[in-house]
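Heads up, the thing below is written out as structure tokens.
Rule-based calculations on the coordinates, nothing more; no lab input. Bear in mind the structure is a predicted one, so any value in this text is a computation, not a measurement. When we count neighbours, we look across all protein chains shown, and the Cβ atoms used for this are built from the backbone with ideal geometry, even at glycine.
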Ligand SMILES: Cc1cc2nc3c(=O)[nH]c(=O)nc-3n(C[C@H](O)[C@H](O)[C@H](O)COP(=O)(O)OP(=O)(O)OC[C@H]3O[C@@H](n4cnc5c(N)ncnc54)[C@H](O)[C@@H]3O)c2cc1C
Ligand SMILES: *[C@@H]1O[C@H](CO)[C@@H](O)[C@H](O)[C@H]1NC(C)=O
């Protein structure tokens, strides 16, 4: 099928790009491997999840949240917002179509895309002048290889499979990973009566959602170093000294760290208090597993019934995007850093690969659509 614009992925980034293109009256096709849009949010997130950032930093282009939406949007309301968004812009993704490869056809000056209809198994080929990759930073689950892991007899799942602490009461559960998901899942487990432990291996900023919101607002008017110092002063006062519980702050402040490395701060939902009260126990890195027993760095060990790996995700671009121009790094992210990351070569674009959440997605979608619109009139 010959197309002007093909978008791969119907998550927030693909949807936002389609909406922005429609503002320029440019038609596009979205293909999506799952049977619904925003599958990450519908099928791979836990029940108590709310957007971590205030809603003013999380709207997609050209559509604010409906009035009365809570400041921190719950998962179900975010999904509802996306459904409204799809309806409003009349976006019609083709579902159950998984892209298996994409390569630039130099003589034809087109992106040649091979996909599979996951229901019939049939192969589908597309040729597109512009290709927008919107398959997400969270393409596939990352679980570290731990010696002895296969000997663990209990349940061991990735955070994307975790729904709720219901059913874990009385069980000894280890959460590996201390990002936003790990901390919130540990909190949820402890709240449901699980005997909860968490592995915190690296320095991390724990911040309140209020100071994050204030910081993100102030940084528009003030140097980031001052805003970072303000956030840390406020939150050190609020949380007290967490270092004796195994939580130390990185050297760079929270906003600078995010913009330089993409690493997020943990926006506390209550885990910090439970860690201080030793209701959630903290361990250093895992060094091996032997049956039910987990041995930690430094020699401590403990026995567990279940493990949740909140160890993040990997981009999949290196698996299927034929990158003759060396646009990608080893992690499957565009080599060009922010703010130029969104524009590849030969009509290739990346939406949602700046590690800047929904605000970053909004910027990418607008940039991509106006760049495509700036080229000669399109014929479909
Ligand atoms: C638990 C969690 C909480 C988050 N909370 C926030 C928050 O509060 N605020 C914020 O700003 N950001 C947050 N983020 C980060 C980010 O905004 C979300 O991950 C967002 O969903 C990213 O949108 P996306 O469209 O780039 O990727 P995704 O939502 O992952 O969508 C990509 C889509 O592409 C499809 N796809 C992938 N590969 C193929 C293929 N080969 N062929 C066809 N289709 C394919 C996938 O099925 C998926 O539907 C959070 C992320 C996670 C994991
Ligand atoms: C994901 O969830 C939606 C609705 O919540 C459902 O319609 C869809 O079938 C689910 N998809 C998968 C692959 O589980």
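Laid out as a table, the results:
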quantity	calculated
Theoretical FRET efficiency, 1/(1+(r/R0)^6), r = Cβ-Cβ of residue 326 and residue 87, R0 35 Å, to 0.05	0.30
Residues of the range 255-274 with amide N under 18 Å of a point placed 7 Å along Cα→Cβ from residue 230	255-259
Nearest 10 degrees, 0 to 90: helix 209-218 Cα axis against the chain principal axis	50
Two-site label geometry, residue 62 and residue 282: point separation in nm, points 7 Å out along Cα→Cβ	4.7
Antiparallel bridge percentage (DSSP; both residues within the chain; nearest 5)	45
Considering only the range 143-309, percent of DSSP beta bridges that pair antiparallel, nearest 5	25
Stretchable slack from residue 371 to residue 273, in nm (0.36 nm times residue separation minus alpha-carbon distance)	30.5 nm
Point-to-point label distance, residue 340-residue 169, nm (Cα→Cβ direction, 7 Å offset)	5.8
Computed [θ] at 222 nm, helices only, for the chain once each DSSP H run of length n ≥ 4 contributes -39500 (n - 2.57)	-8000 deg cm²/dmol
C-alpha long axis of helix 75-88 to longest principal axis of the chain, angle in °	10
Mean Cβ count within 10 Å, highest first, over the residues of peptides 228-239, 165-176	165-176, 228-239
Pairwise centroid distance, computed over Cα atoms, of the range 310-380 with the range 1-43, Å	14
Sequence-separation-based contact order of the chain, relative, with Cα cut under 8 Å and 6+ spacing, percent	23
Label point distance in nm, residue 243-residue 76, each placed 7 Å from Cα along Cα→Cβ	4.4
Extension gain from residue 214 to residue 106, taking 0.36 nm per residue of separation minus the Cα-Cα distance	34.0 nm
